[in-house]
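Notes for the one structure printed next.
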Amino acid sequence: MRKIFLLLTLLMSASLLLISCTPPAANNSANKPANAANNTNASANTAAAEAELKKLTTDMAASLVKNDVAAMEKIYSDNYMFVGPDGSVATRAQRIDAMKNGDTKYETLTYDEVTVRTNPEGTGGVVISKATVKGKNMGKAVDGQYRVTHVWSKSADGWKLANGQTTPITSASTTASNTASNSSTSTSTNSTANAAKAPPPPAANK
């Protein structure tokens with residue numbers, strides 16, 4: 001009888017020990033939906049921000065062609081800085097003044113190849129595009145294609161443009177690209193031609 005009692009006591013103790021060591025399943029299952037919801041919200045924020053910034057880029061081009069000073073005053077942040085294609089730096093006030101006095105006036109301006117990168121919260125973004133432009137920028141003629149980088153920040157008043165930088169797309173880079181392509185094609189052609197001219201291998205001795 002005593003052996004049976006001791007055996008039951010050991011079984012009960014082992015059961016209690018196993019129960020105490022088992023992690024609560026409810027917490028794990030509760031955390032998974034919460035993490036999934038957070039990931040979904042982050043993706044939604046990013047997608048919405050990218051769509052907004054692409055639209056703002058198109059709208060900004062239209063405002064600059066119209067020389068719409070009021071629209072650009074709303075777009076530029078208070079500490080906006082612009083780096084022009086010649087390396088010069090202009091402040092928000094200088095950019096606005098140049099539009100008002102005619103030193104900056106675009107006849108045509110379009111942004112293509114627009115790519116957007118935003119933070120997970122959807123409050124900041126970098127937009128890189130190719131600008132095709134003709135007109136005047138800060139008193140200097142501009143005519144051609146440029147790689148443009150815009151840095152945006154979202155505040156209580158909406159998206160604001162914090163920084164802009166423009167780099168000319170030169171013919172040298174296009175020439176280098178074409179040269180590399182032509183060189184590759186020429187090498188392939190020469191290899192094929194040489195292979196065709198090569199004498200046939202000697203017949204095996206019978």
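Nothing in this text is a laboratory measurement; each read-out follows from the coordinates by a stated rule. Fair warning: this is a prediction, and the values are worked out from it, not measured in the lab.
Were the residues from Ala71 through Ile169 laid out at 0.36 nm apart, the gain over their Cα-Cα distance would be 32.5 nm. One chain, two ends: Asn45 and Asp157. Fully extended at 0.36 nm per residue, the span grows by 38.6 nm beyond their Cα-Cα distance. The slack between Thr115 and Val89, meaning 0.36 nm per residue of separation minus the straight C-alpha distance, is 7.0 nm.
Name the aspartates and glutamates eligible as straight-distance cross-link partners of Lys140: C-alpha to C-alpha under 17 Å, and not fewer than 8 places from it in the same chain. Lys140 reaches Asp86, Asp97, Asp103, Glu107. Residues whose amide H comes within less than 5 Å of that of Asp103, counting only those at least five positions distant or on another chain, are absent (H built at 1.01 Å from N in the peptide plane).
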